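Asks: Structure incoming, see below.
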Amino acid sequence: LLLHRREYCRRGITAADPDGCYDRIICDVPCSGDGTIRKDPTVLLRWTPGVGTLLHAVQLEIAWRGLQLLRAGGLMAYPTCSLNPIEDEAVSLATQRARLARTQTRHGSDDGAAPQAPRGRAQGQRAR
């Protein structure tokens with residue numbers, strides 16, 4: 001879900017190039033759902049330790065694309081119904097590391113350009 005699109009984006013950026021255009025983004029990522037076991041005990045029957053690992057790359061791609069679409073100073077929410085750190089903290093950490101590497105590569109300059117996904121993928125929360 002992409003919310004609160006800025007006025008200048010409606011006038012100046014086409015749908016083919018929306019990078020850096022949104023004030024607020026909510027990432028609806030697939031997850032293992034292990035946080036819902038109390039509510040739905042059948043989740044436990046389908047759960048394996050590898051489920052979160054399999055979903056990690058997809059979650060990372062979605063989160064990183066959310067950051068690309070986010071304007072500088074915008075806010076991105078990344079909710080999951082999982083308790084698995086591979087699906088939550090690891091995704092957050094990977095995007096923070098990638099953004100830090102990108103910032104260091106640019107030597108601290110902020111040109112306002114939308115982030116580009118580094119090789120190996122990454123994601124974060126708040127655009128700088």
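The values are calculated or read from the model by the stated rules, or taken from the named source; none is laboratory data. Note that the structure is a prediction, hence the values are computed from the model and not measured. With ligands, DNA and RNA removed, areas are computed over all heavy atoms of the protein, side chains included. Shrake-Rupley method; radii C 1.70, N 1.55, O 1.52, S 1.80 Å.
Asks: Please count how many residues of the range 27-45 are open to solvent by 90 Å² or more (accessible area, probe 1.4 Å) and in a helix (DSSP H, G or I).
Replies: The total comes to 2.
Asks: From the residues in the range 77-100 that are open to solvent by 50 Å² or more (accessible area, probe 1.4 Å) and assigned to a helix (DSSP H, G or I), which one is modelled with the lowest pLDDT?
Replies: Checked the range 77-100; the qualifying residue modelled with the lowest pLDDT is Leu100.
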